[in-house]
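Note sheet for the following structure.
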Amino acid sequence: MADRVTVIGWDGSPLTAAARSALGAATLVAGAPHHLALPEVPPAAERVRLGSVSLAARRIAGHRGTAVVLADGDPGFFGVVRTLRAPEFGLEVEVVPAVPAVAAAFARAGMPWDDAQVVVAHRRTLRRAVNVCRAHTKVAVLTSPGAGPAELGLLMEGVHRTFVVCEELGTAREQVSVLTSDKAADHTWRDPNVVIVIGGPTGPVVSGESGWIAGRDPGSGPRGWALPAETYGGGLGEGEAELLRAAQLARLGPRVGDLVWDIGCGSGAFATEAARAGAAVIAVDRDLDACARTDGSARRHGVQLQIVHGTAPHVLENMPEPDVVRVGGGGAAVVSAVADRRPQRIVTHAGTRDAAELVGRDLSEHGYRVECSLVQSVELDTRAWTERERSVAFLLTGEIVRRASPR
């Protein structure tokens, strides 16, 4: 068992006295090649190239002596400290921090970052990182090989953003480039890099006032869900009634990192509220007026939507893969086309039992577990306690059935 493990953050600046002291006493040093080449690394120390942090941690746990792990930026911020402190390794960890790469990137850009979302893009999380960039006006992406600026730009096709790409921060080869997202794939980028993604239809909010919570303020906008029709300019369609919309949102549960399709978006009420939950949303409608109303709803509520004018199911063919989908119009043919794309959940409604049975049967044949409820709402005039408006619909939810992995 290692006597002590010191994790040293490195941001390109000269090492502190505490870091030099820890390195001088080290009998094992783990880090990337550029860390192991530092002159402060003792010549006699065992050197471990840091690829898999878990493998390095096992090797450190079996080492008799004093170990040092070098990492870029602040190792406690999406860094190696979490893995090293895992109970299975039993390591006592001390940390000498440095300036986080995200903080350095925003400093180079001359921008505040307390209102930014911060995500990590690996091959397995790249799609979700892109969805956060679609949904928010200021995002910092900690990239990795195979999930860098070029890949971000390619997956954001149809969404205009500005990229600030910060390569090899803190080194002599540091470079900061500003370009539009559609140009990112035209370049070869050096690792490590951080990408600041900014902009959107409404642009980032610029204010002289400081916030009270990091990232997006969850309290912004009106309180509550399934907001009344007048919030969206009135004239909501049949499938946009407040209680039906509330049930649809509850069934789908849109969240940060998701991509939501809203097909037949109408006034944009559902799309806007899904975006308020932090999800990325693509709103689709064949009616240009509906697209315009949806754009107006999004702007009023300060959320980011991608609006696609076209007729489903054909317009869906080139859209990126969704996590959850609301089908507000198009019937069984559109639901069937959506099910072919295998989102986790699909929600739709029908006006008759026969139509509901047709949709439910098709979802079942696609491997979805189907739930159906008859949702009835009656709006009352509380001055006379008389009925003002009645709405009845069959609410259908399909949740994909995951087969158990063979043992």
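Values quoted throughout were computed directly from the atomic coordinates according to the rules given, and no laboratory measurement underlies them. Keep in mind the model is a prediction, meaning the values are calculated, not measured. So basically every Cβ, Gly included, is an ideal-geometry build from the backbone, and we count neighbours across all protein chains shown.
Given labels modelled 7 Å from the Cα in the Cβ direction, how far is it in nm from R223 to A172?
5.9 nm
From the C-alpha coordinates alone, can you work out the Kirkwood hydrodynamic radius of the stretch 1-79, in Å?
12.4 Å
Among all stretches of the chain without exposed chymotrypsin sites (Phe, Trp or Tyr not before Pro) (DSSP loop, at most 11 other Cβ atoms within 10 Å), which one is longest?
1-211
Suppose the Debye formula is applied to equal point scatterers at every Cα of the stretch 166-312; what is log10 I(q)/I(0) at q = 0.18 Å⁻¹?
After summing over all Cα pairs, the log10 values are -1.07.
At a temperature of 37 °C and a viscosity of 0.692 mPa s, determine how fast the stretch 221-282 diffuses translationally according to Stokes-Einstein, using the Kirkwood radius over alpha-carbon pairs as Rh; express D in µm²/s, rounded to the nearest whole number.
Once the numbers are plugged in, D ends up at 282 µm²/s.
Arranged from highest to lowest average of other beta-carbon atoms within 10 Å per residue, in what order do the peptides 353-366, 296-309 appear?
296-309, 353-366
Rounded to the nearest 5, what % of DSSP beta bridges with both residues in the stretch 289-407 are antiparallel?
85 percent
Could you tell me the relative contact order of the stretch 205-295? Use alpha-carbon pairs under 8 Å, at least six residues apart, and round to a whole percent.
About 23 percent, as a whole number.
Averaging sequence separations of C-alpha pairs under 8 Å and six or more residues apart, then dividing by the length of the stretch 63-220, give the relative contact order as a whole percent.
Contact order relative to length: 22 percent.
If you build a Gaussian network model of the chain, linking Cα atoms that sit under 10 Å apart, which residue out of V118, V99, V260 swings the most?
Checking each option, the largest mean-square fluctuation is seen for V99.
Would you look at the GNM of the chain, springs on alpha carbons closer than 10 Å, and say which of A129, A45, A275 moves the most?
So, out of A129, A45, A275, the one fluctuating most is A45.
How many percent of all Cα-Cα pairs in the stretch 40-196 sit more than 23 Å apart?
43 percent
Beyond 21 Å, what percent of the Cα pairs of the stretch 298-364 remain?
Tail of the P(r) past 21 Å holds 30 percent of the pairs.
How far apart, in nm, are two points set 7 Å out from the Cα along the Cα-to-Cβ line at D186 and at E88?
Going by the 7 Å Cα→Cβ label model, 4.6 nm.
Starting from the alpha-carbon convex hull of the chain, give the projected area averaged over all orientations, in nm².
25.0 nm²
What FRET efficiency would be calculated for the residue pair E371, T125, taking the C-beta separation as r and a Förster radius of 25 Å, to the nearest 0.05?
FRET efficiency, E371 to T125: 0.25.
In terms of the ratio Rg/(2.2 N^0.38 Å) built on C-alpha atoms, what value belongs to the stretch 274-407?
Computed over Cα atoms of the stretch 274-407, the ratio equals 1.22.
Considering only DSSP beta bridges with both partners in the chain, what is the antiparallel share in %, to the nearest 5?
Just about 50 percent of them are antiparallel.
Residues with beta-carbon under 11 Å from that of A277, excluding A277: net charge, scoring Lys, Arg +1 and Asp, Glu -1?
In short, +1.
Give the long-range amide H neighbours of W189: residues separated by 5 or more places, or on another chain, with amide H under 5 Å away, using H modelled in the peptide plane at 1.01 Å from N.
Here the answer is none, since no amide H 5 or more places off falls under 5 Å of that of W189.
Under 5 Å between amide hydrogens, which residues at least 5 positions from L70 or on another chain qualify, with H placed 1.01 Å from N in the peptide plane?
Hits under the 5 Å cutoff: I8, A30, G31.
Quick one: what Rg and Dmax do you get for the stretch 269-317 from the alpha carbons, in Å?
10.5, 30
Under a 5 Å amide H to amide H cut-off, with H placed in plane at 1.01 Å, what residues pair with S267 once short-range neighbours are removed?
G237
Dipole of the chain (Lys/Arg Cβ +1, Asp/Glu Cβ -1, origin at the Cα centre): which of V335, V370, L55 lies farthest to the positive side?
L55
Could you identify which residue out of A56, A274, A339 has the top mean-square fluctuation in a GNM of the chain using Cα springs shorter than 10 Å?
Looking only at A56, A274, A339, the biggest GNM fluctuation is shown by A56.
Take the Cα pairs of the stretch 48-105, get the Kirkwood Rh, then feed it into Stokes-Einstein at 37 °C and 0.692 mPa s and tell me D in µm²/s.
It comes out at roughly 271 µm²/s.
With θ taken as phi - 60° and the coefficients 6.51, -1.76 and 1.60, list the Karplus ³J(HN,Hα) couplings across the stretch 65-81 in order, rounded to whole Hz; mark glycine and proline as x.
Per-residue couplings from phi come out as x, 10, 10, 10, 10, 9, 9, 6, x, 8, x, x, 10, 6, x, 6, 4 Hz.
With θ set to phi - 60°, apply the Karplus curve 6.51 cos²θ - 1.76 cosθ + 1.60 along the stretch 283-290 and write out the HN-Hα couplings as whole Hz, x wherever there is a Gly or Pro.
Whole-Hz 3J(HN,Hα) from phi for the stretch 283-290: 9, 10, 7, 7, 9, 4, 5, 5.
Pop out the ³J(HN,Hα) list for the stretch 393-398 in order, Karplus 6.51 cos²θ - 1.76 cosθ + 1.60 with θ = phi - 60°, rounded to Hz; leave Gly and Pro as x.
Coupling constants for the stretch 393-398: 7, 8, 9, 10, 10, x Hz.
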